[in-house]
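Working notes, beginning with the structure itself.
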Amino acid sequence: MAEPCAPLPVPLPDESFCQSRHPGVGEFHWELQMSFFTGPRDLSRAPLFLGTLLASSLLSSLSNMSLAQSIKQTSAQSTIEDTIEELVVVGNRFPVPRRQLATSVSVVDMQQIRDYGSFTLTDILRQTAAVGASSNGGVGSLSTLRIRGEQGFRTLAVFDGMRLSDPSGTQVAAPIEHLLASQVGRIEVLRGPQGLSYGADAGGVINISSAPNQSGFSGTIDAQGGERGTQQLSTQLGFGGERVDVSLAASDFGTDGFNSRLSDTDLSDDDGYDNTTYHARVGVKLTEALDLVLVRRETSSESQFDGCYSGFTQVNECLSVYDFTGSRAALNYQSGSVTQSLAYALTETDRDNLSEGVSAFGAAGELERWEYQLGLTALPGFDLIAGVDLEREVNGTDNRDNSGVYAEVLSDFSDSWFLTLGLRKDDNEDFGEFTSYRLSSAYLIDFGGSTLKFKSAIGRGFRAPSLYEVSYNQSPWATPPAAGLALNAEQSSGFEVGVEYNAARYAVELVAFQQDVEDAIDFDLAGYSGYLQFKGRNRSEGVELITHASLSETLSATANFTLNKTKRANGLARLRRPEQLFNVGLSYVDPAGKLRINAFYRRSQNAIDESAGTLFDLDNFGVLDLNANYILREGVELYVRLENSTDEQYREVGDFRSADRGAFAGVRLSL
């Protein structure tokens, strides 16, 4: 999976991690100091299991209200047409009714997350439109999400307002493989380079929210296990009051895994994974207009993999250790038509890779960020969203500042025609100033019981070379032509046009898109010299077709198809980008609302990979997952899941096999 730095060959930067150890992280201290942003880095499973067992005893004796039942009832009472009125945050970092959005957004709610039943966020998101994923093996192996074919590091992931970007890697990206689904309540995905207010790297945005609290005390205990020695224990406790809202979540996951690397023929050992994560969110209503929101997240994981180096010898006894801590504090003000938010966040990442039990290399990263946002909704004919942000990223001993200011106007002069125009100015310490923009338009025709929407959007952004990309080319490991090569910022642009039709029992969306990255930076896979800038355009263009239908009172269906033709500046197809992605799901709920049965099928076709400069075809494959949930009694839910039920054998990355058939079962207790 992860391999040491040159002179040994280095894999694709978005599929692996490579860095020599630095003695420490550069220090950067803001005026704001609070104990909330410091805490123990070592995570132990003992408190989690003890707390879970105590909470389990409490829940089983006090289960007066079923969270699962509540979700079921909410889902049953809503219609597909209702979704057009739901508020979506990811498009503008501001709640906007979905009917007004001209950008393309996918939403996965809590019931859908439970219907999928997957352990990881990756396996849930790969079921949504235009999202491709590849993993170097099973759960916890290095994974990449690509929205509309763009590199994984151009996708920004945000959890309860806190950026999960990791500057310690080759590029600044969220380690998506370490995000488990057990603590997630809602996911919004902004497809395409339209993330104006998020800043430079936001080619696509994944906005994650933790599970919402009910009024009063609530909680769930979830325990499951199954194939390959897999076990997961998770708990969520919450309190929702008039002035205080508290949510605490913890999960412990472990699996023995399987031998994921095809070339591992000597040890042929299983590659296991362990993950312990804590996530807390506290909201305090200081006054009628002012709220304080605190978020804290800690993750500690260990991943076994094959193909690291001990000296200059390749070995298959490898371990990757990952530790993440993050904190965010936000003051939110709302009075009448004025909203304001001031937030500070600090995240720290430590990585260490071991070969045959000895540390081979590691890295440390830090992301520190201030944000201010203003929203005005009573202006004549339009609303205004504006903000400023200041960010410092640290990779080992290297650091960089980036400041940004943005403003976006949202029209409010019509109930059927909506326009937005936004501009952003970034000032990067190393690469100077850049101007980004976004223009979008949506027009609605209301037929009484249904709505037709035409939409279009165009935007432009940039990505500064990462600290690692810059420093590697100046290091002794780089060789010509990369040695000493000065990299420039990448420019990105994209547009989309689409049409949506929403009725009471079904919805259809069709989107055509095109997006380009100019002068893309990539690792030299031919000579392994370092990072090169390839003049010209990398392009992704295609169509997305998405539909949801309520077939009867008990049966519903979802489907999406993405055709994406990708091309590098040299005219060749981009690696690991399937040309066709297809997902279909069927869900049945019995009339009593106690039994749910789900089937999800996904298919991937026409993708290529590269090894030592040679291109080869990846497998076309289809995977069928089945699961069922049954509410035994109020507050007690049983579920079973059969992943890859047809035992499909396939590869998403050249030298790595994927998981075969696996059966899992669990119980969920709700208060």
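The values are calculated or read from the model by the stated rules, or taken from the named source; none is laboratory data. From a predicted model like this one, the values you see are computed outputs, not experimental measurements. Cβ placement follows ideal geometry from the backbone for every residue including glycine, while neighbour counts extend to all protein chains displayed. Accessible surface areas use protein heavy atoms only, side chains included; no ligands, DNA or RNA. Shrake-Rupley method; radii C 1.70, N 1.55, O 1.52, S 1.80 Å.
Scanning segment 346-362 for residues that are in contact with a Phe, Trp or Tyr (Cβ under 8 Å, 6 or more places away or on another chain) and among the small types (Gly, Ala, Ser) yields Ser355, Ala360. When Asp430 is tested against (1) at pLDDT below 95; (2) open to solvent by 30 Å² or more (accessible area, probe 1.4 Å), just one condition goes unmet, and that condition is (1). The condition of being crowded, with 16+ Cβ neighbours inside 10 Å and either within 23 Å of Ala628 (Cβ to Cβ) or modelled with pLDDT under 95 (or both) holds for only one of Val589, Val511, that being Val589.
Among residues of segment 328-353 that are under 30 Å from Phe305 (Cβ atoms), those with a Cβ under 6 angstrom from a residue that is among the small types (Gly, Ala, Ser) and part of a loop (DSSP other than H, G, I, E, B), sequence gap 6+ or separate chain, pair up as Thr349/Ser168; Arg351/Ser168; Asn353/Ala2.
Pairs meeting the criteria (first residue in segment 377-397 and closer than 20 Å to Ala345 by Cα and small (Gly, Ala, Ser), second residue part of a strand (DSSP E or B) and open to solvent by 30 Å² or more (accessible area, probe 1.4 Å), beta carbons under 6 Å, at least 6 apart or on different chains) are Ala386/Leu374; Ala386/Ala407; Gly387/Tyr372. Taking the condition of being in a loop (DSSP other than H, G, I, E, B) and in contact with a helix residue (DSSP H, G or I) (Cβ under 9 Å, 6 or more places away or on another chain), how many residues in segment 364-396 meet it? Final tally of qualifying residues: 1.
Of all residues in segment 614-671, those that are of a type in the set (Asp, Glu), crowded, with 16+ Cβ neighbours inside 10 Å and not in a loop (DSSP other than H, G, I, E, B) total 3. Tallying residues that are within 24 Å of the chain's Cα centre (by Cα), of a type outside the set (Lys, Arg) and either farther than 22 Å from Arg400 by Cα or crowded, with 22+ Cβ neighbours inside 10 Å (or both) within segment 349-365 yields 6. Considered as a group, the residues in segment 458-501 that are outside any loop (DSSP other than H, G, I, E, B), at pLDDT 95 or above and among the hydrophobic types (A, V, I, L, M, F, W, C) include one that is most open to solvent (accessible area, probe 1.4 Å), and that residue is Val497. Checking Gly536, Gly527 one by one, the residue that is open to solvent by 30 Å² or more (accessible area, probe 1.4 Å) and either among the polar types (S, T, N, Q) or outside any strand (DSSP E or B) (or both) is Gly527 and no other. The single condition among (1) at pLDDT 95 or above; (2) within 22 Å of the chain's Cα centre (by Cα) that Asn629 does not satisfy is (2). Pairing residues of segment 413-429 that are closer than 30 Å to Gly448 by Cβ with residues that are in a loop (DSSP other than H, G, I, E, B), at Cβ distances under 7 Å and at least 6 apart in sequence or on separate chains, gives Phe413/Gly381; Phe418/Ala102; Thr420/Ala102.
Residue-level check: of (1) outside any strand (DSSP E or B); (2) open to solvent by less than 50 Å² (accessible area, probe 1.4 Å); (3) more than 24 Å from Ile147 (Cβ to Cβ), Ala549 misses just (1). When the residues of segment 398-427 are filtered to those that are over 30 Å from Thr349 (Cα atoms) and of a type in the set (A, V, I, L, M), the one that is surrounded by the most Cβ atoms within 10 Å (Cβ to Cβ) is Leu410. Entry remark, segment 373-389: residues being under 25 Å from Ala173 (Cβ atoms) and surrounded by fewer than 16 Cβ atoms within 10 Å (Cβ to Cβ) number 1 in total.
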